[in-house]
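Below is one structure, written out as structure tokens; the observations come after it.
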Amino acid sequence: NCHKGSMETLLRPLGKLGGAVRRRWHSWLDGSAPVPVYFKLELSRICNLRCLHCGYWKQAPYPDALPLDRWLEIVEEIGRWAAPCHLSVTCGEPLLSPSLFPIIEKAHRNNITVTLVSNGTLIGPKEVRRLRDSGVRTLILSLDGVLESTHDRGRGLPGTHSRVLHALDCIAAEGMSGRTQLQA
């Protein structure tokens, strides 16, 4: 229960950070409901790896998975309600879903920035160009250590470490290194 005047004094320096920050804070100050700025889309449980830490690969695909047209409607609804905002596409290996690129492109057209979380094993030069051109702002790839044996054992399949390193080379060649993060 902050006094409105003291809250505005506190927020004045944040105003220099951009309209999105001001808009979210002002929604609280003017009494309207706050608007989320971050959304997570779990597109599919389908994955090409057999990670020890994850059981998605043991499960059947979502039995009541949404069709592409409904995903596109949802992205458009989010854009109308919350844009500018952020959407993280994750769960399983999103690059295996045929809905991925249309969803990213729709989000980009609706002022929604997109982060793609991938295991990195399916990314080559063509995929990097397509990710960049579709509007992906950030890529997060899984790399479970510098040793091939450690990474491959944790991911359940041999050769995954070298495939992630290949993806990183392709990402660098397309100038997207600054927009790529690694997670363990």
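Would you please give the residues with an amide H less than 5 Å from that of L43, counting only those at least 5 places away or on a separate chain, with H modeled from the backbone geometry?
Under 5 Å from the amide H of L43: T90.
Work out from phi, with θ = phi - 60° and the Karplus expression 6.51 cos²θ - 1.76 cosθ + 1.60, the ³J(HN,Hα) of each residue of the range 109-121, listed in order in whole Hz, and give x for Gly and Pro.
Running phi through 6.51 cos²θ - 1.76 cosθ + 1.60 with θ = phi - 60° gives 5, 9, 6, 10, 7, 10, 10, 10, 9, 9, 6, x, 7 Hz.
Determine the shape class of the range 35-160: with a ≥ b ≥ c the square roots of the Cα gyration tensor eigenvalues, call it rounded for a/c under 1.5, and otherwise prolate if a/b is greater than b/c, oblate otherwise.
It comes out prolate by the Cα gyration axes.
Could you give the distance between the Cα centres of the range 38-68 and the range 75-139, to the whole Å?
About 16 Å separates the Cα centre of the range 38-68 from the one of the range 75-139.
5 Å is the cut-off here: which amide hydrogens, built 1.01 Å from N in the peptide plane, fall below it relative to G120, excluding neighbours closer than 5 in sequence?
Distant-sequence amide H within range of G120: S142.
According to a simple spin-label model (label point 7 Å from Cα along Cα-to-Cβ), what is the distance in nm between V35 and D133?
For the pair D133/V35, the computed spacing is 3.2 nm.
Ordered by residue, what ³J(HN,Hα) values in Hz, to whole numbers, does the range 96-102 give under the Karplus form 6.51 cos²θ - 1.76 cosθ + 1.60, where θ = phi - 60° and Gly and Pro are x?
Going residue by residue, I get 7, 8, x, 7, 4, 5, x Hz, with x marking Gly and Pro.
The numbers here are math on the coordinates, done by the rules we state, and not lab data. This structure is a prediction, so every number in the text was calculated from the model and none was measured. Reconstructed Cβ throughout: ideal geometry from the backbone, glycine too, with neighbour counts over all protein chains shown.
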